[in-house]
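The values are calculated or read from the model by the stated rules, or taken from the named source; none is laboratory data. The structure presented is a predicted model; accordingly, all values stated were derived computationally and were not measured. No Cβ is skipped: glycine too gets one built from the backbone with ideal geometry, and neighbour counts run over all protein chains shown. Keep in mind that these areas ignore ligands, DNA and RNA; they rest on the heavy atoms of the full protein, side chains included. Shrake-Rupley method; radii C 1.70, N 1.55, O 1.52, S 1.80 Å.
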Amino acid sequence: MKGVLGLVVLISLVFACSQSESKKPDNGRAAPQRKMAEVSELAALMKQIHIDAKDWRQQLLGGEVVSDSLSIYNLLVNSTPTDSTVTGPVYRGMAANYQSKLNDFLTAKEIDLAKSSYNNLVTACVSCHHEYCPGPVPTIKKLYLK
Ligand code: HEC
């Protein structure tokens with residue numbers, strides 16, 4: 001039984017980090033319990049920050065500057081990942097870089113600066129993903145503003 005569960009986790013890891021989301025198989029019929037086991041804390045956090053980034057993109061497209069203050073570094077480094085090797089000084093450096101780009105973006109007062117700092121934020125997503133989770137990179141790149 002444990003072996004089977006391990007396999008399920010392994011397969012979901014491969015899907016999450018090696019394929020874009022749209023290619024995920026439809027697991028709508030999976031039992032709720034199993035579905036929960038497939039989403040790590042970090043993956044759930046990622047879904048949320050992906051939604052936030054899409055919202056910010058829409059606001060910027062509408063000419064609106066986003067001002068807020070968000071601390072995400074601790075969540076990035078303390079949420080349990082699917083793959084336990086997602087940790088260590090390089091990972092923490094990527095997380096710190098993301099927080100720093102987030103601060104720049106959320107404090108930019110002028111729309112052109114907000115847009116360029118938003119694009120730098122997306123680059124911080126992409127850098128960490130190149131290193132730790134390449135699958136979603138094409139999806140993340142769609143967040144860039146022209
Ligand atoms: C510090 C590193 C890091 C940063 C920064 C980062 N990610 Fe991730 N992301 C990961 C890792 C690692 C995973 C795999 C999570 C897991 O399965 O536990 C992941 C998973 C994801 C997933 C897949 C979630 C799923 O359904 O399994 C998406 C989508 C995603 N990230 C989008 C983003 C976006 C958008 C940003 C920037 C706004 C971002 N990420 C910033 C490391 C990072």
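Leaving out ligands, DNA and RNA but keeping every protein chain, what accessible area does residue 112 have, in Å² rounded to the nearest 10, with a 1.4 Å probe?
Here the accessible area works out near 100 Å².
Mind checking the per residue accessible area of the stretch 37-146 for me, 1.4 Å probe, whole number of Å²?
55
Using θ = phi - 60° and the Karplus form 6.51 cos²θ - 1.76 cosθ + 1.60, what ³J(HN,Hα) does each residue of the stretch 113-121 get, whole Hz, x for Gly and Pro?
Per residue, the Karplus-derived 3J(HN,Hα) values read 5, 4, 5, 5, 6, 5, 4, 5, 5 Hz.
At what distance in angstrom do the alpha carbon centres of the stretch 69-146 and the stretch 44-60 lie from each other?
Value for the Cα centre distance between the two parts: 11 Å.
Are there trypsin sites (Lys or Arg not before Pro) in the stretch 55-109 that DSSP marks as loop and that have at most 15 other Cβ atoms within 10 Å, and which are they?
Working: sites: 57, 92, 101, 109; in loops: 109.
Listed in order of number, the matching sites are 109.
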